[in-house]
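Let me begin by presenting the structure, written as structure tokens, before commenting on it.
The values are calculated or read from the model by the stated rules, or taken from the named source; none is laboratory data. As the structure is a computational prediction, the values presented were derived from the model and not from experiment. Cβ atoms come from the backbone with ideal geometry, glycine included; neighbour counts cover every protein chain shown. These area figures cover heavy atoms from the full protein model, side chains too; ligands, DNA and RNA do not enter into them. Shrake-Rupley method; radii C 1.70, N 1.55, O 1.52, S 1.80 Å.
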Amino acid sequence: MEYQTIKGEKVPSLGLGTWRLSRHECVRSVEHALALGYRHIDTAQIYANEDEVGRGIQTSGVDREEIFLVTKVWTSSFSHDDVIRSTNESLKKLQTEYADLLLMHWPNPSVPLEETLGAMSELQEEGSVRHVGVSNFPPPMVEEATQHAEIFCNQVEYHPYKAQDELLEQAKEMDYLLTAYSPVAGGAAVNDATLREIGKAHGKTAAQIALRWLIQQEKVAAIPKATSEDHLRSNFDIFDFELSDEETERVFALRR
Ligand SMILES: NC(=O)c1ccc[n+]([C@@H]2O[C@H](COP(=O)([O-])OP(=O)(O)OC[C@H]3O[C@@H](n4cnc5c(N)ncnc54)[C@H](OP(=O)(O)O)[C@@H]3O)[C@@H](O)[C@H]2O)c1
């Protein structure tokens, strides 16, 4: 495993995404991932699978303290009381006393940031949330958010076809985690000819090159979703090689 250091804390650079995983399949993927060595799991209230993620963690036998567990408050629960209520529900479903990171899932201009982040900070003070952050926030909104809470993360779509230069710069400057969601472009990058060609030199697949490229960037973590054991395993098998500067640039050139 490799880590990014954010505000002095080490966060696993590779995590498991769980959007569209449900029921037994979700429990099994979480269990499998933890058995393979994953220590960062991403869920959200709107995924309706926090119960299953919690069960997967329980049955894996991996100590809770070893796992960086992330969930997200949905936009309809951004009022102060709804943040507190819904997060407590999430924790119950996840069978845990705390989340490592709680995110606002998307911006919602109808509720002041101060109210939502204020409630999240209260949860942080009482210990039910270790860090707070945002998701799908453009740079000026992240800046605004930092006036109301210590922002640990912004989770956004980021993969070889999508540029995120401004946020990358901001993440470095402000020392927050830029979590790349849809890191293999929802599956679209797994057959990319350039990624495949780069992979050949390392004995790796196109998906592994996309993931390696992401986590080699400062402050970036990637959370591929995978159901099959084969995908879970190969996505985790990216810590034994490095991309050269030239290879890195070739991947950056794939942006559309
Ligand atoms: N904050 C947000 O608004 C937001 C939005 C979207 C996603 N997310 C988070 O980010 C996670 C990942 O994003 P995503 O699910 O949209 O896309 P993704 O991880 O880029 O792609 C997932 C798809 O790629 C396939 N795949 C994964 N690894 C593969 C491999 N090694 N070879 C071939 N195919 C592979 C998966 O197949 P199998 O499942 O069949 O293995 C699945 O169909 C989500 O699960 C969620 O946790 C957050």
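Nonpolar atom fraction for the chain, defined as the carbon and sulfur part of the 1.4 Å probe accessible area, stands at 46 percent.
Computed on segment 37-87, the Cα convex hull volume stands at 80 Å³ per residue. Computed from backbone phi with θ = phi - 60° and the Karplus coefficients 6.51, -1.76 and 1.60, the 3J(HN,Hα) list for segment 98-111 is 8, 9, 6, 8, 10, 10, 6, 5, 9, x, 9, x, 7, 10 Hz; x is used for glycine and proline. DSSP finds beta bridges in segment 1-154, and of those with both partners inside it, around 20 percent are antiparallel. Averaging Cα coordinates gives a centre for segment 149-176 and one for segment 39-58; these two points are 23 Å apart. Kirkwood radius and radius of gyration were both taken over the C-alpha atoms of segment 83-126, and their ratio Rg/Rh is 0.97. Based on protein heavy atoms only, the chain ends up with 44 Å² per residue of surface accessible to a 1.4 Å probe. Taking the Cβ-Cβ separation of Asp175 and Glu197 as r and a Förster radius of 41 Å, what is the calculated FRET efficiency to the nearest 0.05? So the FRET efficiency works out to roughly 0.70.
Computed over the alpha-carbon atoms, segment 61-154 gives an Rg to Rh ratio of 0.96, Rh here being the Kirkwood radius from the mean inverse distance. For the chain, the normalised intensity computed at q = 0.10, 0.16 Å⁻¹ comes to -0.46, -1.17 (log10 of I(q)/I(0), Debye sum over alpha carbons, equal scatterers, no solvent). The lysines within cross-link reach of Lys72, meaning a Cα-to-Cα straight distance under 22 Å and a gap of 8 or more places when in the same chain, are Lys7, Lys10, Lys92, Lys93, Lys219, Lys225.
Of the chymotrypsin sites (Phe, Trp or Tyr not before Pro) found in segment 128-185, no site is in coil according to DSSP while having at most 13 other Cβ atoms within 10 Å of its Cβ. Cα-based values for segment 136-256, radius of gyration first and Dmax second, are 14.8, 47 Å. By the helix-only formula, in which each DSSP H run with n ≥ 4 contributes -39500 (n - 2.57) and the sum is divided by residues, the chain has a 222 nm mean residue ellipticity of -12500 deg cm²/dmol. Computed FRET efficiency, Cβ-Cβ of Asn108 and Glu65, R0 22 Å: what is it to the nearest 0.05? It comes out at approximately 0.10. Taking label positions 7 Å along the Cα-Cβ direction at both Gln95 and Glu144, the computed distance is 4.0 nm, reported to one decimal.
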